[in-house]
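First comes the structure, then the notes that go with it.
The values are calculated or read from the model by the stated rules, or taken from the named source; none is laboratory data. Remember, predicted model here, so these are calculated numbers, not experimental data. Every residue, glycine as well, gets a Cβ built from its backbone with ideal geometry; the counts of neighbours run over all protein chains shown.
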Number of protein chains: 2
Amino acid sequence: MKQDIQFVRRDELKTKPDPNSLGFGKYYSDYMFSMDYNVENGWHDPKIVPYEPFMMEPAAMVFHYGQAIFEGLKAYKTGDGTIQLFRPEKNMKRLNDSCDRLCIPQIDEGFLLEAIKQLVIVEKDWIPQGEGTSLYIRPFIFSTEPYLGVRPSHQYKLLVILSPSGAYYGDQLSPVKIYVEEQYVRAVLGGVGHVKTAGNYAASMKAQEIAEENGYAQILWLDAKENKYVEEVGSMNIFFKINGELVTPQLNGSILPGVTRDSVIQLLQYWNVPVRETRVSIEEIFAAHERGELEEVFGAGTAAVISPVGELTWNGHSIVINDKQIGEVSQRLYDAITGIQLGSLEDPFGWTLKIDGVKAK
Amino acid sequence: MKQDIQFVRRDELKTKPDPNSLGFGKYYSDYMFSMDYNVENGWHDPKIVPYEPFMMEPAAMVFHYGQAIFEGLKAYKTGDGTIQLFRPEKNMKRLNDSCDRLCIPQIDEGFLLEAIKQLVIVEKDWIPQGEGTSLYIRPFIFSTEPYLGVRPSHQYKLLVILSPSGAYYGDQLSPVKIYVEEQYVRAVLGGVGHVKTAGNYAASMKAQEIAEENGYAQILWLDAKENKYVEEVGSMNIFFKINGELVTPQLNGSILPGVTRDSVIQLLQYWNVPVRETRVSIEEIFAAHERGELEEVFGAGTAAVISPVGELTWNGHSIVINDKQIGEVSQRLYDAITGIQLGSLEDPFGWTLKIDGVKAK
């Protein structure tokens, strides 16, 4: 699928937002990448076009039967102006895993990554520079065929949009309050929790909304079968530091295999800090706190990178973690990952992909 | 919310499809109902407009986080030309239940039903007449706000589209082969299985696709926790006739409370046929067959009404039900429900709502 990418120029460029008040996911750049699928031509018509609304049929299947998947990654501008991506091949791979589970035709991972590089080059002036900022890249695919029978769609659209963004939670290293959810569940083995599909997020909003009304920033999800084992927090994976050892729920078919999660594990191993992927119950976590051994808790995800947890509430009991201060390992991981992403630290893992010498046609 | 419904006329009407080859969900009528929601105005701007594509933002939240719900009901033309709906207030109520679970603002059920009546009157020539045909009515709501943070959208669109349809499965009273799914799951308690949201259908396609490749028409879903108890079949509820008694899975928080399911139960009670809502395991079903007591199996849903099951495969074992013939109760229920819907039988329950005297403005 080595197709040329057409470039449709827009008449007038947008005014760029104030880099100090970007927030997350509010602004979109001038251009997006677009590609369509139908049965006759497969994925075809790749092009970089102005970011603008497009036409959808009322009967388009995505509105009814929800075949919609996405990825999230970021482009960074380093101190010397180099543009780089962080482990983008992981996102391409996971996009295809999501396609597979949702019966969406596979994309050519190398071609899509090439398209993303070209799009980022075109939009390089949209990459903000500075602590915590980046150009968020959102590839997504959804069904477009107008049909009301329940079956996989025969037509899809893939778009990649770009959003210059500040830190996801504002001042993201201030520890947050987390509510351990017992009524609602996010995902179950045999379902779609291990892939990035729109329905997972829709299903999570009710519990999140109730938690926020009660003063919590995020939900910690437990497993659906026994309501006992820790799964993930909000839209991040979670880590616990217990008596010097880092523990995170093992990938079990209902947890999202996060790119930041994997990076955290690799960094800890590189530092010779003990880390273990295992099945971990919420009882164990509270028991560790009881023994004075729960030293740190933090979420890990692309949007927020590392998000320390200062307080956990489960079953009517609240525990305060590390005196609501940022833990040593949390801070070290945040500094290391953002340092590698922004090019201020060496990248011993080959995680960053520099973009240069690529020109959009 | 007693607002006037604006009527935007189209220049030219479409050619209507051949009533003998309608299929299901392939054709759409000339007009649709549309209403928008934002925080300032609530649900506003109700109008009947030409069915045609509309503009969506690439960052519209439905493509990313999947807040999308729907309903399905039908309008029928009786022998004397009367137009009627079947228990539409149940669909309006369930639409709001779906709204609640998916954090979508509630709609005024009475107003939406009024709007649907007006739309159906405008489109009365699109209601096919004849065995198994009807005008399928699809109300649906989806999030439209352009924003990439995970939270409920602040903007939504509600549309009602109409599709003249034949029988869902073609010759729908020919018994089908069903595969009892053991790997994939549809829904779990605490999730969204009890409401009609797009993500449920997306999640179900993989298993359905595999089943079809192996010659099965539908999936029978088991519970997610123990992989043991019967939940529902494809997009229908399921009934078993065992030794003269009808048994159906009780509403447990992960099963959809079907309107046809409820109608079947009421009809059986009216006829003094024993019927029980209970937790029923797949083992019990196969054991009943072993004893020669499994007399009938059928699905019940709006699209297909009653869909007899002729063969069930579970864990490598296949059983044939009622010699692959339509069962007596299945046929009686189908005749009674479609008879009431089409006005050829008396309606002792007050299920039908005649539409008359309503004029679109």
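A few comments on the model shown:
- Listed by position, the strands (runs of 3 or more DSSP E) enclosed by region B:91-209 that each have at least 1 residues that are within 8 Å of another protein chain (Cβ to nearest Cβ) are B:134-143, B:155-165.
- Put simply, of B:47, B:26, B:74, B:14 the only residue that is without any contact (Cβ under 8 Å) to a residue 40 or more places away in the chain, within 14 Å of chain A (Cβ to nearest Cβ) and among the charged types (D, E, K, R) is B:14.
- Any chance residue B:250 is modelled with pLDDT of 95 or more and closer than 30 Å to residue B:198 by Cβ: yes
- Restricting attention to region A:13-60, the residues that are in a loop (DSSP other than H, G, I, E, B) and closer than 23 Å to residue B:151 by Cβ total 12.
- Any pair with Cβ under 8 angstrom, 6 or more apart, that starts in region A:310-338 at a residue that is loosely packed, with under 15 Cβ neighbours inside 10 Å and ends at one that is in a helix (DSSP H, G or I): A:317/A:286
- Flag if residue B:121 is surrounded by 20 or more Cβ atoms within 10 Å (Cβ to Cβ), under 20 Å from residue B:74 (Cβ atoms) and hydrophobic (A, V, I, L, M, F, W, C): no
- Subset of region A:54-65 [of a type outside the set (Asp, Glu) and either more than 7 Å from chain B (Cβ to nearest Cβ) or touching a Phe, Trp or Tyr at 6+ places or on another chain (Cβ under 9 Å) (or both)]: A:55, A:56, A:58, A:59, A:60, A:61, A:62, A:63, A:64, A:65
- Within region A:278-304, the residues that satisfy the criterion of being among the acidic types (Asp, Glu) and out of contact with any helix residue (DSSP H, G or I) (no Cβ under 7 Å at 6 or more places or on another chain) are A:283, A:284, A:290, A:293.
- For region B:73-111, a residue qualifies if it is small (Gly, Ala, Ser) and within 27 Å of residue A:70 (Cβ to Cβ), and exactly one does: B:98.
- Some residue of region B:257-270 being closer than 26 Å to residue B:291 by Cα, at pLDDT 95 or above, within 14 Å of another protein chain (Cβ to nearest Cβ) and touching a Leu at 6+ places or on another chain (Cβ under 7 Å): no
- In region A:252-303, the residue that is surrounded by the most Cβ atoms within 10 Å (Cβ to Cβ) out of those that are within 23 Å of the chain's Cα centre (by Cα) and among the small types (Gly, Ala, Ser) is A:299.
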